[in-house]
Amino acid sequence: MFAARIILLFFALLVTGSAPAQELKIAAASDLDAPMQKLGPAFTKQTGVQLKFSFGSSGSFFAEIRNGAPFDVYLSADRSYPETLDQSGKTDAAPTTYALGRLVLWVSHKVPGNPSSNNLDFFNSPNVHKIAIANPDHEPYGRAAVAAMVHYKVYDQVKSKLVLGENISQTAQFAESGNADVALIALSTALTDSMRKSGRYVIVTLGSYPPLYQAGVVLRSSQHKQQAHRFLEFLRSPGGQKIMQEYGFEVPKLARAR
């Protein structure tokens, strides 16, 4: 019986070309750090597949993947990067939209005043000397931040105050450490314990910036496509979406401007 199982496994490997994945390498936007600490173990418990996350800038990962970085799954903070990879033949299937992210104005407890969710006039306060945002050249949340400032007609007045982070995590660190007084960051980041302790936030009105529909793809170069697709399915499942909602993300099909 044991020998028969070995023979069956041998022929299965000949057909598939590889053994089942024990670990998936996932390039993820840094706004996903907190939810993935809970979602990753839940997926592993269900499937036995370990997940190795690398968190960082969506744009930086995009460049790395175009140059052949060996990831199995790419989770971006927007849809444009995955769509571009798909158009260039780098993906195994079309992008999957897994969440709608939200932009918030975070203010240090050391800074007096009450910010509004309906404008960014707070940036003109004499108590605000530095404003942290993610670098808009390669960060979707950075582009959303600039769009919101332009929408509320404060960008030209405050652009000299801007401090650019390489990703949302670094942007939050600038604000939390006191190197910036306020920040425009992801709601998921603002909900972390450290950011709650050191500041407060208001959600920026969705219509003031393009919606941050976040999408993921399985890369064509992955040697573990079946398990990688299974992870994206889990992310979009009711259980996966419940975890995402705990960290401020909205279910894509239910997302609406408000």
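Reducing the stretch 75-93 and the stretch 159-191 to their Cα centroids gives an inter-centroid distance of 27 Å.
When you restrict to C-alpha pairs under 8 Å that are six or more residues apart and normalise by the size of the stretch 91-144, the relative contact order lands at 21 percent. Placing unit charges on each Cβ (+1 for Lys and Arg, -1 for Asp and Glu) gives the stretch 103-203 a dipole about its Cα centre, and among Trp106, Phe122, Leu187 the Cα reaching farthest toward its positive end belongs to Phe122. Relative contact order, whole percent, for the chain stands at 28, derived from Cα pairs under 8 Å and 6 or more residues apart.
A Förster radius of 22 Å, combined with the Cβ-Cβ distance separating Asn127 from Ser177, puts the computed FRET efficiency at roughly 0.80. Computed from point charges on the beta carbon alone (+1 for Lys and Arg, -1 for Asp and Glu), the dipole magnitude for the stretch 116-239 about its Cα centre is near 280 Debye.
Residue exposure proxy: Val146, Val107, Val251, ordered by other Cβ atoms within 10 angstrom of their Cβ from fewest to most, comes out as Val251, Val146, Val107. Checked against a 23 Å cut-off, the cross-linked pairs Lys153/Lys197; Lys110/Lys153; Lys110/Lys161; Lys45/Lys225 give Cα-Cα distances beyond that limit for Lys153/Lys197; Lys110/Lys153. Springs join every pair of Cα atoms under 10 Å in this Gaussian network model of the chain, and among Ala147, Ala190, Ala28 the largest mean-square fluctuation is at Ala147.
When both bridge partners sit in the chain, DSSP labels roughly 55% of those beta bridges antiparallel. Qualifying trypsin sites (Lys or Arg not before Pro) in the stretch 127-205, where qualification requires a DSSP coil assignment and no more than 14 other C-beta atoms within 10 Å, comprise Lys153. The angle separating the long axis of helix 225-236 from the principal Cα axis of greatest extent in the chain is about 40 degrees. About the centre of its Cα atoms, the chain shows a dipole size close to 440 debye [charges on the beta carbon of Lys, Arg (+1) and Asp, Glu (-1) only; nearest 20 debye]. As a proxy for reagent exposure, Leu75, Leu85 were ordered by neighbouring Cβ count within 10 angstrom, fewest first; the result is Leu85, Leu75. A Förster radius of 30 Å combined with the Cβ-Cβ distance from Asp193 to Gln223 puts the calculated FRET efficiency at roughly 0.20. Restricting the calculation to Cα atoms, every distinct pair contributes to the Kirkwood radius of the stretch 88-238, found to be 16.5 Å. Panel order for His129, His224, His229, by other beta carbons found within 10 Å of each beta carbon, from fewest to most: His129, His229, His224. In the chain, helices alone account for a calculated mean residue ellipticity at 222 nm of -11500 deg cm²/dmol, with every DSSP H run of four or more residues adding -39,500 (n - 2.57). Expressed per residue, the C-alpha convex hull volume of the chain stands at 128 Å³.
All of the numbers you see were taken from the coordinates with simple rules; none came from a lab. If you're wondering where the values come from, they're calculated on a predicted model, not measured in any experiment. In this analysis, Cβ positions are derived from the backbone assuming ideal geometry, glycine residues included, and neighbour counts consider all displayed protein chains.
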